[in-house]
Amino acid sequence: MTQAADALPTSLFPTPDTFGTYSVYDLMLAAAHGRIGVDQRLVRSILEREDKAATVADLIRFAGVSSDQPLDLRADLIEILRRFKAVEALPFYLDIIREFGDDYPDELIEAVVEIGQPAVEPLLALYEEVGEENGAPVAFLLAGLQVRDERILKLLLEEFDYDTWEGAFHLSMYADPAAIPAVEQRLQEAGIDDEMRHHLEGAIAEMKANEPRTVAEPPDIYPLFDETAGPDFDVLALSDVAQLLKSPFADYRAEALEAISPDDVVDEEIAPHVRELAKSDPDPNVRGRAWEALATLVEEDTTLLDDLKSVLNDKSRHPVERSGALVALATATEGSEELTGHIKEMYEIESERKHVLKAMWRSMDQSFGSYMQFNLDNEDPEVAEQAIFGIGYLGVKSEVNRLEQFFEHDRLRSPALFNYAMLIPGPKERMGVKQILSKIEKVAKGLNTEEKEIVKVALDRRLAMRGMKPVFHEEPEEDEDDE
């Protein structure tokens, strides 16, 4: 976790039930710092406000600072601004074109074209600014406007003279018959190959048709976003996590508990909150996730071990609370026949399947391998994810090839890569680990920077489980007190 959100007001912790009491600017700022998720609840709160002018003003204000935030929400912001067809957003759109050139988001094309005539002057000025050599993205947008303007036609003809292929494409989009003679003249020149000839003839046909472009209404925005999305704990400061542990919104408290690491739990700013949530939170899921998080403290606190056993044995408690105690005990103890019995008993409670599978692989008891095999294809991705970790940590080598199917699954690709790296056959010596990394990269059809780091961590973990030193990450040196 980073210190990214330190500069934000300490009171800026919106929850879905209070979105309406915050300004749109504050909501977007909170989302850009990871304190809330960009989901359908947030988008609806923004779009359904009565004062549209104030909403647009806040969105434009946020657009001015959006590139400097921990999370880049500019693509989401374009989608939201499109629904207002806000001319005021043009400077924001043009800044994105300046920064990304041909790589600007597809959503930007429609957003600009939907504005229509008012976009002409700013785009012409931008083309003049970036120059002909870098102006293709701007010419594309000007052509897409299909606004009849002598300056646009002149610009596109000059581009056509500079770059025949790209220019012909833009002229075909612009569909002004006045450009036909220039293209026909080019067709008469020597050295035109068949592919270029076909391209130019197609452009002429488009211009002769002279069909105006129909600007459709933007599609329904809500399917573009998750129904619910919580805070992004990857960018939150630990002090913010502590605040979310006290959130009035139960889902945020539970998500904060699931996000904190074992090192975070022992922090003096965090530990008291987690203990309090475990004992007295009104929401059973929050209590369960708090008991689970406390596993780190069991070794130094024997009373906590008794508390966990008491919760697990008390069948009058909600299963979701008991499942948290189950995971903690499986993580922090060597296991027992009694604990195995509880695991098998609670496995039959379908709502707790994901937590029970986590308890199974956290126990490192290889006899639970068959449960992982059975649940790999579970329709619930959260259950399948725990089964994937179980395959890796329990060493179910027979299923390593089945993990490859998840490389095409957005939600499960990362856990599949991690556990595939834990199991894939390869050299057992440290010097052969980089060879395994190359093999995984090939099977996975490439790895981005984050995915490569995930695989490296898994390969180091694989070595550690065999009693060997890591290859990619040095072990922290222990001082005398640690020893």
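Okay, here's what the table says:
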{"item": "Candidate set: region 384-439, residues that are small (Gly, Ala, Ser) and under 20 Å from residue 354 (Cα atoms); chosen: the one surrounded by the most Cβ atoms within 10 Å (Cβ to Cβ)", "result": "387"}
{"item": "Wholly enclosed helices (runs of 4 or more DSSP H) of region 1-105 bearing at least 1 residues under 21 Å from residue 247 (Cβ atoms) and in contact (Cβ under 8 Å) with a residue 24 or more places away in the chain", "result": "24-32, 40-47"}
{"item": "Any hit, region 328-341, residues being among the hydrophobic types (A, V, I, L, M, F, W, C) and surrounded by fewer than 17 Cβ atoms within 10 Å (Cβ to Cβ)", "result": "no"}
{"item": "Enumerated helices (runs of 4 or more DSSP H) restricted to region 293-355, each holding at least 3 residues that are more than 35 Å from the chain's Cα centre (by Cα)", "result": "302-313, 337-347"}
{"item": "Criterion: surrounded by fewer than 16 Cβ atoms within 10 Å (Cβ to Cβ) and either modelled with pLDDT of 95 or more or not in a loop (DSSP other than H, G, I, E, B) (or both) - qualifying residue of 110, 121", "result": "121"}
{"item": "So residue 206, is it surrounded by 14 or more Cβ atoms within 10 Å (Cβ to Cβ) and outside any loop (DSSP other than H, G, I, E, B)", "result": "yes"}
{"item": "Region 176-197, residues that are farther than 25 Å from residue 147 by Cα and without any contact (Cβ under 8 Å) to a residue 12 or more places away in the chain", "result": "188, 189, 190, 191, 192, 193, 194, 195, 197"}
{"item": "Unique residue being assigned to a helix (DSSP H, G or I) and within 20 Å of residue 368 (Cβ to Cβ) when the list is 386, 405", "result": "386"}
{"item": "Long-range neighbours under 7 Å by Cβ, at least six apart or interchain, first residue outside the structural domain of residue 34 (by TED's automatic domain parsing) within region 250-263, second in a helix (DSSP H, G or I) and of a type in the set (Lys, Arg)", "result": "254/289; 257/289; 258/289"}
{"item": "Residue list for region 366-402, restricted to those being of a type in the set (S, T, N, Q) and farther than 19 Å from residue 327 by Cα", "result": "373, 378, 398, 401"}
{"item": "Matching entry among 110, 48 (being outside the structural domain of residue 249 (by TED's automatic domain parsing), under 27 Å from residue 139 (Cβ atoms) and charged (D, E, K, R))", "result": "110"}
{"item": "Residue in region 289-296 that is charged (D, E, K, R) and in the same structural domain as residue 332 (by TED's automatic domain parsing) present", "result": "yes"}
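The values are calculated or read from the model by the stated rules, or taken from the named source; none is laboratory data. It should be emphasised that the depicted structure is a prediction, and the values quoted were computed from it without experimental measurement. Heads up, the Cβs are rebuilt from the backbone with ideal geometry, glycines too, and the neighbour counts pull from every protein chain shown.
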